[in-house]
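Where a number appears in this text, it was derived from the coordinates with a stated rule and is not lab data. Everything quoted here is computed from the prediction, not taken from an experiment. When we count neighbours, we look across all protein chains shown, and the Cβ atoms used for this are built from the backbone with ideal geometry, even at glycine.
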Amino acid sequence: MKFEMFKDAAFACDVPEHGILKGDVGTVIEYFEQPRPGYMLEIFDARGNTVDIVTVPETSLERIREGQRWNVRDVDSKYNQY
């Protein structure tokens, strides 16, 4: 398992069906080995409210590295399904 449970991970690519852009952050809540390594992440808004649960392959995630900064962006209304 590359990413620790209940730790944050950044998306390495867009996941448009969930309104996620590369660099958005989620919290790892589950790991899957089959059919290929993947993770379930909980996505929060800037106030800490859960807005989505997403399952992606391991290759869709990257570690948060030193020297990176958090930011806030408005969610495009076409993705705003919450």
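Quick look at the values:
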read-out	value
Evaluated at q = 0.25 Å⁻¹: base-10 log I(q)/I(0), Debye formula over Cα of region 8-62	-0.98
Unit charges on C-beta of K, R, D, E only; dipole of the chain, Debye	220 debye
Extreme residue, positive dipole direction of the chain, given options 25, 35, 54 (C-beta unit charges)	25
Charge tally in the Cβ shell below 12 Å around residue 38, where Lys, Arg are +1 and Asp, Glu are -1, residue 38 excluded	-1
Peptides ranked, highest mean first, by Cβ atoms within 10 Å: ranges 10-18, 46-54, 65-73	10-18, 46-54, 65-73
